[in-house]
Every structure is written in structure tokens, then in C-alpha cells.
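Comments concern the structure below.
Since every read-out is calculated from the coordinates, none of them should be taken as a lab result. Please read these numbers as outputs of a predicted model, since none were measured by experiment. For neighbour counting, all protein chains shown are included, and Cβ atoms are generated from backbone atoms with ideal geometry for every residue, glycine included.
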Amino acid sequence: MMTIEMIAAVCHSANKAYCESIGDYSQASWVDAEQWQRDSAAIGVKAHLENPDMTPEESHRIWFEYKLADGWKYGEEKDPENKLHPCMRAYDELPQSQRSKDFLFKGLVDALRKYNE
């Protein structure tokens with residue numbers, strides 16, 4: 001059985017690799033990630049496990065609401081110290097490169113779900 005944290009680590013690592021493929025080297029590895037990053041990934045995994053039909057857009061909404069509740073706002077550049085993030089906007093306003101991360105996250109959770117059944 002895979003724990004939520006194990007699945008979150010896989011999702012985070014894939015997201016890091018994808019970000020690097022598009023020139024974004026701002027993601028730390030799972031073991032070096034801040035707790036808020038680990039918590040955010042785990043919340044997303046739990047939401048997908050509880051709702052297998054969740055869309056990538058719904059996944060973004062959950063992430064957005066989590067960030068908003070934690071005081072994050074829109075910013076041109078990701079700035080964790082000041083809680084600014086360029087993805088703090090509606091899903092349909094995101095560039096495709098950012099929407100792809102939600103599809104990747106969902107795909108990984110769906111693939112790993114079988115280890116929790």
C-alpha cells in the first residue's frame with residue numbers, strides 16, 4: 001500500500017522534472033521541499049483519491065483555494081517568502097504549460113491509486 005505521502009512524493013518529483021523541462025528550476029526535491037509544498041501535494045493527492053472523477057481544473061481550484069487560505073496572491077514571479085505565485089488565477093487564464101501540470105498530477109494519482117485499493 002502506498003501512503004498519501006508516497007504518492008505526493010512521486011507527483012512532486014514528476015512536477016519538478018516537468019518544470020525543469022520548461023526551464024523552471026525553482027522546485028526543490030521532495031526531501032528538500034518546504035513543508036507547505038509537501039502539504040499542498042498531499043492535499044491534492046487526498047482530493048484525487050477521494051474523488052477519482054476530479055478534473056484537472058477542479059484540482060487547480062483546490063490548490064488555488066489552499067494557497068488563498070494560506071495568504072498567497074498573484075505575482076508575476078513565484079516568491080514563496082512573500083507568498084506570490086503566477087498560477088494564482090483562474091484555470092482558464094493559465095498558459096497550457098501550467099495546465100499540463102494538473103493533467104500530469106491527476107494521471108499519476110490515477111496510476112498509483114491501484115496500490116491503495
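For the stretch 1-110, the list of GluC sites (Glu not before Pro) that fall in a loop by DSSP and count at most 11 other C-beta atoms within 10 angstrom reads Glu34, Glu76, Glu77. Each distinct pair of alpha carbons in the chain adds a 1/r term; the inverse of their mean, the Kirkwood radius, is 14.4 Å. With the simple model of a label 7 Å out from the Cα in the direction of the Cβ, Ser13 to Lys83 spans 3.1 nm. Among the listed pairs Lys78/Lys101; Lys16/Lys106; Lys16/Lys83; Lys46/Lys78, a Cα-Cα separation exceeding 23 Å is found for Lys46/Lys78.
Placing +1 on the Cβ of every Lys and Arg and -1 on the Cβ of every Asp and Glu, with nothing else charged, gives the chain a dipole about its Cα centre of roughly 160 debye.
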